[in-house]
Every structure is written in C-alpha cells, then in structure tokens.
Number of protein chains: 2
Amino acid sequence: MRQYNINLDPKKIPDAWYNIGADMPEPMAPPLHPGTHEPVGPNDLSAIFPMGLIMQEMSPDRYISIPGEVMDKYLLWRPTPLRRAYRLEEALGTPAKIYYKNESVSPSGSHKINTAVAQVYYNKAEGVRELSTETGAGQWGTALSIACGMFDMKCTVYMVRISFEQKPYRKSLMEAYGGRVVASPSNETQIGRQFQADYPGTTGSLGMAISEAVEVAATSGGSIKYSLGSVLNHVCLHQTVIGMEAKLQMESVGDYPDFVIGCCGGGSNFAGIAFPFVQDRIAGRSKVECVAAEPAACPTLTRGPFAYDYGDTGKFTPLMKQYTLGHNFMPPGIHAGGLRYHGVASTVAHLKHLGLINAVALYQNPCFESSLLFAKCEGIIPAPESGHAIRAAVDEALRCKESGEVKTILFNLSGHGHFDMTAYDAYLRGDLQDYELDEEVIAQGAASIPIIE
Amino acid sequence: MRQYNINLDPKKIPDAWYNIGADMPEPMAPPLHPGTHEPVGPNDLSAIFPMGLIMQEMSPDRYISIPGEVMDKYLLWRPTPLRRAYRLEEALGTPAKIYYKNESVSPSGSHKINTAVAQVYYNKAEGVRELSTETGAGQWGTALSIACGMFDMKCTVYMVRISFEQKPYRKSLMEAYGGRVVASPSNETQIGRQFQADYPGTTGSLGMAISEAVEVAATSGGSIKYSLGSVLNHVCLHQTVIGMEAKLQMESVGDYPDFVIGCCGGGSNFAGIAFPFVQDRIAGRSKVECVAAEPAACPTLTRGPFAYDYGDTGKFTPLMKQYTLGHNFMPPGIHAGGLRYHGVASTVAHLKHLGLINAVALYQNPCFESSLLFAKCEGIIPAPESGHAIRAAVDEALRCKESGEVKTILFNLSGHGHFDMTAYDAYLRGDLQDYELDEEVIAQGAASIPIIE
C-alpha cells in the first residue's frame, strides 16, 4: 500500500520557530530610517507594531518559542500533511521522488494563517484591540480575518478596489469570518482621500492600500496596530513551522530533499519551507539546493539589483536591503497576484546574495499547465502562486527524467485555488498572456531605487 | 494539549463497504418497473448502469470489498479527519461533546467523490469509456469529473442552465479536471430539444438534466453509461466508509455517539455517516439516535407520505418506495441546492418508516447562523447543505446546555462552502428568506405521487 500522506503526530509540531538571522554566515545590512537613513531601532516601529513582534524582528536568538495560545490555534490544522506525489511522478515518467507540503488544508486555504494567528496573539497580549491591513488577491486579508475572529479582535482590511470589485467572493469570505472590508483608496483615511483627488477614478494598488492601513494604525493612539503578511523577519520566522514539520516528516520515511522549492513574492512562503533546510546547508550538514520560483513578469531575484529600497510605493516604510525592481515598478497583471511584489524579504535576499539559495523566473502559462496536471494527479487545484513552485518542481523532475538521476524534490503547496477559478477559466480558453518585460519598464523601475551601492 | 484532530492510520481504512440492506429487520419494498409496475430485475437497469453496480444495488451481502484500485484513490484523501469541536462547544457553553467527520478535505471538497471513484472503477472494468451525469449545484459534477480524470475516462456533465450561468466557477472547476460541461436543456439530445420546444426560454431543472444524461447513455450502445450521485443503494453503500472510519476514530478516543447527524437530500451523505451506527442499533448494541437534517423548504421525511414514486420529473426511473413530496414538487430556491430533492433514498426511507432513524426540518437562516459560528470556531466555511447538519447538532448541544446532560454528538461535515459564497453574502446582507411552504404547494406535489398505499 502506497503511503501518499505522511502525517506527523500533533505532539511533534516544533515548539519553537527557527530564526535564520542567528545563523547567517555574514551579518545582514540593517533597515534604515526613511528620513535619516540611520539604522532603525525598536522605537521607530512601535507606532504601528507591538513590541513583541518588534523584538522578534530584531532577535539574535536561533529559536523562539511558540506560545501555548498560538499552538492551540495551530492544532486546528497543523501538522499539515506531507504528501508523496506518486501519481504526478508517474504522469511525468520521472525517476525523481516528488514530495509536497500541503498548506492548502488550513482554514484560510494558504500558509498565510501561520503568521496571522501569531501576529494577532502578540498584538492582543499588549492590549491592541484592532488590526488594520491591506490585501490584494485576498489570501492575506482572509487569513488575518480568521485569526482576529479566533482571538475576538476587530480587523479592517483595505482591499485594492479593483480586487474588491472583481473578487466579491473573497470579500464575502473575509466578512463571513468577521473582517470589515473597505475598498481602497477609501474616504476613511486622509491619504485615501488624497489618492482619490490625485488619481481620479483610480482602481487602487497594494501600495495605496498599505498607506491607508498604516495611517489608521499610526493615528490611532495605540488601540489599532498594523499587520503585514510577508517580507518582514518576524513573518518569515512564523512560517518556518512549515519546513521544520516537513523535515521531521521526511525523516520519518527516511528521506531528505536534494531540492526544496517555494514560490516567491514577498518571500514568506519560500522562507517557511526553505529556511530550516538552509540551516543544514549553512552548518555543512547538507548540499540541499533551495529554489525560489518567481514570475517572469516580476523577476525580482533574477533581474533586480541587490540594493536598499522602500517596501511600499508611498515610501513610508524603512529602507531595506533586498533585491528590488524599484518601489514604483508596476508588474503586468498576472494571475498570481501574491507574487506581484517589486522587492523581497531581506533574509531571502541576503541568502541569495551569499549564494546559499537560487531563483528561477517562470511564465504563467507553463505554470498553469503544470497546475492542471497536478490537479488531475493529486486532486487539488493549486493557487496560481503555488503553480510556480509546481512548475519549478516539474522542471527538476523532467531534468531527472533526461539524466536518469533519482533526485528527491520537495515543494510547498502554499495554497489552493478555489477562489482563483477565473484564472483557470482564462487559461483553459487560451486567453492568458506570457508577459515579456520591456527593458524600458525594468529601467524605469530601477530608476526609483534610492540607494544602489 | 487538546487533540482536535483524531486521525486514523491509513492501514485501518475499512477494506469493505457496509450494506445495510443485509440487516434490515423487515424487507424493503422492491423498485418497480415504471411501465409494468412489476419488480425490476438486473436486466432492466443494464442499459444505463454496469452490471458490477447493479449487483451491488441488489446485493444481499453485509460487506462488499473495496477494490484495490478504488482504495488507491481513497488514499489520496482518506482517512478523513474526525475532529472534536472544542471551540464550538465553548462558544455554545454546552456540556455536550461535539465531534465532526471532515469530508470537506477531499479533492472535490465533499463526500461525493467517495462514490464517484467507485462508480468510475466499476464502469471502466466493464469497458465503458464515458460517463454522463447531471449536476445542479455542481458538487456531484465536480466529483465525477475528478474521478473520471483519475481513471482516464471521459465525462459529460449536463448542468442545469441557471446554475451553468450563475456558477461559472463550478463549471471552470469541472473543466479544469477534464469534464465536459453542457448547459441543460441542450441541443445535444432529443429530449433536450423537446424540452426547449415545450418550454421556450427555460432555465432548466435537475429533472430535465437527468433525462438528457440518461438518454445519452441509453442510446449509446453501451459505450456510455449513466452515473447518479445519490439515492441509489450502491451510492449509499459507497458512502458508508465515512461512518465506519468515524466509528474507529471515536473508539480510539474511547467515545461513542448518542446522536449521529447528517444533512439529507437524496440521502447518501446521511447514509454514509449513519448506517454503520444504525447497524449497532439494529443489533441491539446501542441506542444511538441518528438524525437526518432536511430543509423546511423541502421537508421530504417530515412531511411526505411513505409511498412509491419516480426518482425524476420525467418519469424515466423505476418507482421506488420512499418518502416523497411528489416527483413534480418544485422546492423554493434555497441555497442548499443539494437538499432540494422531492424524494429520498429507499434505504433511508425504510429506516425512518421502521422508527430506526429520525428527521428534523430546518430553516436556512438559522443554518447559516450556525455555519458562521462554526466557521469562526473551527475555521472552515461549510457548504450550505452541511450547515443543516451543523444546526441540528447545535440544537442538540443547546438542549444539553439546558438539561445539563453530557451527550456525545457526531455530525458529518459533508463539504466546504468555497463555491457558495454568494449564499453567505446574501445571508450577511440579510437577504435570505425562510420559506414557509404553502399547503397548496404540498398538495399539488402530493397529487403527482403515483402509488400511495
């Protein structure tokens, strides 16, 4: 009997997250204050984040305990299954062994909730009563709405207006979980009214929505804080539970990956599956190759310079050292909305800079092609973002088919695509474009990068 | 540490389905030929079903082995988790223990695929190359599309035209898995063209779609067979894997239910969770109370007479002894589309007639209210159908709160509601009606019942 699902005893969920900052062979460049260009300290962040998360953001500790109340929530869906994709291997005719960690089984349908419950917990512990955030495609807003519901906190989600109008089901889902969803730019904030005056009829952008959510927190006098779904150290930290579980699960069947693959936008899902394996590589215990799969339409790690840049279009955030296409780079409208980010987490960027991880850029049509094959074999319709990880895994498996090598491939299925059927519909009708980026567009974006060393 | 998820070792999935027909204390009335009113034999059904399934339909055996190839597919998502709803118990303030079997984790998002893979297997074993079926809400069409994809069979789904137009994502989902979806009534069948001529501009009905799917099979010369997603004995049989697993899982934590609850339309989901427990009651081993939760808008078991009636509006099917509101009864447009069926499985009806199971009829607004509470506590947005089981379970739990009794409640979460967000949206806006059935409508339906003894 084949063992498709490799389960883990709930008692074996790691009791601490892994902080890769503690193991970096060279120190990371510090984030800089957007005004002074001096390294930021805890107090610079305290207007919008609780101190518990700021301390994690800057922690030198290798492991950070998962609080009991967070673990109690994790137990609603964790440990997630690791699955051996026997049927996909057969369909590809590859000698490679393909495993995937199935984060799509979470309440929000993606990995995002791993950090959402942690962030809500630390905010609540410091007396915060409401969180504000932005969402584009909706995965993050959904996760934070669920987490706030679990802890009886209020949640306001500024949703990019075009998504708000085009994805009414995502909005309903957030509302069903108790979130308040506001189309952005809105009339609720000063910056939102300003955006509407400056750009009449605008359909919004993630950069605008971030600015609104941050303003609400910064002007609340402490009762409302801001919450971010990717990029920051503490967000990547919370996601490491994925890779730590996967390692135990692979151990339990006597295996270890040659390749670990995650799709990469802001970087937290890639960080989650990869960092616990990168730890082994840094320690000299393995030669594992970790691959960040990004879209060719937004090739941050494969085309951008390693430079200091803002995290948002509005230039409110600290400057962070990262690979970046420029904070005003506007990627084409691919369906993997979660991967349309000009920059990437500093931790991921630093590892790429040190040659400890790799990256590939993929077009969306081959990603959807592999996603449909995956769906037929494994039964799960993947999120378009996760489709990039699947494609990268399939490409490695096909290389093994050519070379005859028996490599072991692990990828993260970060989420399901139940709310992305318009994208599949467009693919099946042959309506999807594979965007070639214009060199001029790349140059325009690069021109907005403030400090290239 | 709380054990929310009660997993089962995959090696312990039951290796046989349970046929409750073998344990009925009184024999069931046989199905009758629609023309002659004589009991039907295997040959009467062979034009549209394969002999393997016909033999199961009429089998006297208590257990029927699950073939290895079906088990290999089951292992992609089975055993499904049993979950203890600690958080829901707390939110209700009840001393009752609430468990639920989570069938929403399947590839199709509902229990329907348990019978879909079995039906496809038996058809393929007899050389059938294509299956035809109908779908209303889309759960069944999705399940059969996935199952056909897994066995490399063709699948054509006649989808009620109004659903085809209103639920484009369901259609895309079936197509993503390789199904061909046709709006019904269509021009592909004689009866479809007839329906369009007789009812110009019709938006279709399940009865019409069944007629088209049956015609395609009956006139194919054997290469195409018809597949039904509920009601029949062999469909209920295949679903018993749910209850058999649940029994082992409850045993593993030293518990046994006082109440077993499933929502009930055609009856297969209720049969799946309940029959293995009814077996205990028939054998005198338990006093378990099994409750079928049906919509007040379509109160088959609670209002209909126990009588012979057709399974479809077009009167093509055999006459089956059942509770029925009449084959031309047209229920109001509640959102639990899977529960809008005029009749019920003969096995379920017979058990109700013998007093071995109970039924309750519920309005949709309280069901959505409980579903949202469930979503906030357990993280999962339930299908509107499953919401009826949740409401019935909540009502039992609230009775325990009043009486102080510590009862154990088990219900089946038959599916998730990711493709039903319009319904939640309507509920949240306060737009949902609780339909009071007109006595005249009940009387009109009853007048179409051919044989009331």
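Among the residues of the range B:38-47, count how many are open to solvent by 40 Å² or more (accessible area, probe 1.4 Å) and touching a strand residue (DSSP E or B) at 6+ places or on another chain (Cβ under 7 Å).
Residues that pass the stated criteria total 2.
Report, by residue number, each residue of the range B:431-453 that is hydrophobic (A, V, I, L, M, F, W, C), within 24 Å of the chain's Cα centre (by Cα) and either in a helix (DSSP H, G or I) or within 14 Å of chain A (Cβ to nearest Cβ) (or both).
Matches in the range B:431-453: B:432, B:442, B:446.
Tally time: how many residues in the range B:68-95 are closer than 20 Å to residue B:131 by Cβ, in contact with a helix residue (DSSP H, G or I) (Cβ under 6 Å, 6 or more places away or on another chain) and either open to solvent by less than 20 Å² (accessible area, probe 1.4 Å) or away from chain A (no Cβ under 14 Å) (or both)?
Looking only at that region, the number is 2.
Is one or more of the residues making up the range B:272-280 surrounded by fewer than 23 Cβ atoms within 10 Å (Cβ to Cβ) and under 22 Å from residue B:396 (Cβ atoms)?
Among the residues of the range B:272-280, at least one is surrounded by fewer than 23 Cβ atoms within 10 Å (Cβ to Cβ) and under 22 Å from residue B:396 (Cβ atoms), which makes the answer yes.
May I ask you to say which residue of A:398, A:339 is touching a His at 6+ places or on another chain (Cβ under 7 Å) and among the aliphatic types (A, V, I, L, M)?
A:339
Failed condition for residue A:408, given (1) more than 14 Å from chain B (Cβ to nearest Cβ); (2) closer than 29 Å to residue A:306 by Cα; (3) in contact with a strand residue (DSSP E or B) (Cβ under 6 Å, 6 or more places away or on another chain), with all others met?
(2)
So that you can scan it fast, the table gives a plain yes or no per residue for (1) crowded, with 24+ Cβ neighbours inside 10 Å; (2) touching a Gly at 6+ places or on another chain (Cβ under 9 Å):
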{"residue": "B:173", "(1), (2)": "yes, yes"}
{"residue": "B:180", "(1), (2)": "no, no"}
{"residue": "B:186", "(1), (2)": "no, yes"}
{"residue": "B:190", "(1), (2)": "no, no"}
{"residue": "B:211", "(1), (2)": "yes, yes"}
{"residue": "B:220", "(1), (2)": "no, no"}
{"residue": "B:223", "(1), (2)": "no, yes"}
{"residue": "B:228", "(1), (2)": "yes, yes"}
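Scan (1) away from every other protein chain (no Cβ under 14 Å); (2) within 26 Å of residue A:146 (Cβ to Cβ); (3) out of contact with any Pro (no Cβ under 7 Å at 6 or more places or on another chain); (4) not acidic (Asp, Glu) for the single condition residue A:18 breaks and write down its number.
Exception for residue A:18: condition (3).
Looking at the range B:360-371, is at least one residue touching a residue at least 60 places away in the same chain (Cβ under 8 Å), within 16 Å of the chain's Cα centre (by Cα) and crowded, with 24+ Cβ neighbours inside 10 Å?
For the range B:360-371, residues touching a residue at least 60 places away in the same chain (Cβ under 8 Å), within 16 Å of the chain's Cα centre (by Cα) and crowded, with 24+ Cβ neighbours inside 10 Å: absent.
Here's the yes/no breakdown for (1) among the polar types (S, T, N, Q); (2) within 11 Å of chain A (Cβ to nearest Cβ); (3) under 30 Å from residue B:381 (Cβ atoms):
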{"site": "B:4", "(1), (2), (3)": "no, yes, yes"}
{"site": "B:14", "(1), (2), (3)": "no, no, yes"}
{"site": "B:22", "(1), (2), (3)": "no, no, no"}
{"site": "B:35", "(1), (2), (3)": "no, no, no"}
{"site": "B:46", "(1), (2), (3)": "yes, no, no"}
{"site": "B:50", "(1), (2), (3)": "no, no, no"}
{"site": "B:54", "(1), (2), (3)": "no, no, no"}
{"site": "B:110", "(1), (2), (3)": "yes, no, yes"}
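Does residue B:22 meet the test of being open to solvent by 30 Å² or more (accessible area, probe 1.4 Å) and within 21 Å of residue B:234 (Cβ to Cβ)?
Judged against the criteria, residue B:22 is a match.
Considering each of B:227, B:211, B:205 in turn, give the residue that is of a type in the set (Ser, Thr, Tyr) and modelled with pLDDT of 95 or more.
On inspection, the qualifying residue turns out to be B:227.
In the range A:335-354, which residue that is of a type outside the set (Phe, Trp, Tyr) and assigned to a loop (DSSP other than H, G, I, E, B) is farthest from residue A:271 (Cα to Cα)?
Per the stated criteria, the residue is A:335.
Just to be sure, is residue B:428 within 14 Å of chain A (Cβ to nearest Cβ), open to solvent by 30 Å² or more (accessible area, probe 1.4 Å) and hydrophobic (A, V, I, L, M, F, W, C)?
Here the answer is yes, as residue B:428 does meet what is asked.
In this structure, is residue A:439 surrounded by fewer than 19 Cβ atoms within 10 Å (Cβ to Cβ), closer than 22 Å to residue A:304 by Cβ and out of contact with any helix residue (DSSP H, G or I) (no Cβ under 8 Å at 6 or more places or on another chain)?
yes
Name the residue, out of B:375, B:423, B:392, B:397, that is part of a helix (DSSP H, G or I), at pLDDT below 95 and either in contact with a Gly (Cβ under 8 Å, 6 or more places away or on another chain) or not aromatic (Phe, Trp, Tyr) (or both).
After applying the criteria, what remains is B:423.
Pairs needed: first member in the range B:25-43, under 20 Å from residue B:350 (Cβ atoms); second member anywhere, open to solvent by 80 Å² or more (accessible area, probe 1.4 Å) and not in a loop (DSSP other than H, G, I, E, B); C-beta distance under 7 Å; at least 6 residues apart or different chains.
Short answer, once both residue conditions are applied: B:33/B:44.
Yes/no matrix, rows are residues, columns are (1) crowded, with 19+ Cβ neighbours inside 10 Å; (2) in contact with a strand residue (DSSP E or B) (Cβ under 7 Å, 6 or more places away or on another chain); (3) closer than 30 Å to residue A:174 by Cα; (4) away from chain A (no Cβ under 14 Å):
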{"site": "B:296", "(1), (2), (3), (4)": "yes, yes, yes, yes"}
{"site": "B:300", "(1), (2), (3), (4)": "yes, yes, no, yes"}
{"site": "B:332", "(1), (2), (3), (4)": "no, no, yes, yes"}
{"site": "B:340", "(1), (2), (3), (4)": "yes, no, yes, yes"}
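Hey, residue A:127 hits all of (1) within 24 Å of residue A:417 (Cβ to Cβ); (2) open to solvent by 40 Å² or more (accessible area, probe 1.4 Å); (3) part of a loop (DSSP other than H, G, I, E, B) but one; which does it fall short on?
It fails just one condition, (1).
Looking at residue B:77, is it among the aromatic types (Phe, Trp, Tyr) and touching a Lys or Arg at 6+ places or on another chain (Cβ under 7 Å)?
No, not satisfied.
Name the residues in the range B:373-389 that are in contact (Cβ under 8 Å) with a residue 60 or more places away in the chain and more than 11 Å from chain A (Cβ to nearest Cβ), would you?
Passing the criteria: B:383, B:385, B:386, B:387, B:388, B:389.
State which residue is nearest to the other protein chains (Cβ to nearest Cβ) when the search covers only the range A:130-170 and only residues that are assigned to a loop (DSSP other than H, G, I, E, B) and within 17 Å of the chain's Cα centre (by Cα).
The residue in question is A:138.
Give the residues of the range A:418-453 that are in contact with an Asp or Glu (Cβ under 7 Å, 6 or more places away or on another chain) and aliphatic (A, V, I, L, M), sorted by residue number.
A:428, A:449 - these are the residues of the range A:418-453 that are in contact with an Asp or Glu (Cβ under 7 Å, 6 or more places away or on another chain) and aliphatic (A, V, I, L, M).
Residue by residue, here is whether (1) open to solvent by 20 Å² or more (accessible area, probe 1.4 Å); (2) part of a strand (DSSP E or B) holds:
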{"site": "A:17", "(1), (2)": "no, yes"}
{"site": "A:26", "(1), (2)": "yes, no"}
{"site": "A:61", "(1), (2)": "yes, no"}
{"site": "A:104", "(1), (2)": "no, no"}
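Need at least 1 residues that are in contact with a Lys or Arg (Cβ under 6 Å, 6 or more places away or on another chain) and within 25 Å of residue A:42 (Cα to Cα) per element, so show me which strands (runs of 3 or more DSSP E) inside the range A:222-334 make the cut, counting only ones lying wholly within it.
Output list reads A:306-310.
Report every pair of residues separated by at least 6 positions or lying on different chains whose Cβ atoms are under 9 Å apart, first residue within the range B:315-328 and farther than 13 Å from residue B:345 by Cα and open to solvent by less than 30 Å² (accessible area, probe 1.4 Å), second part of a loop (DSSP other than H, G, I, E, B) and of a type in the set (D, E, K, R).
Every condition considered, the pairs that remain are B:327/B:312; B:327/B:315.
The values are calculated or read from the model by the stated rules, or taken from the named source; none is laboratory data. Values in this document were obtained by computation on a predicted structure and should not be read as measured data. Because the Cβ atoms are built from the backbone with ideal geometry, glycine has one as well, and the counts that use them run over all protein chains shown. Accessible surface is based on the protein model in full, side chains and every heavy atom, while ligands, DNA and RNA are left aside. Shrake-Rupley method; radii C 1.70, N 1.55, O 1.52, S 1.80 Å.
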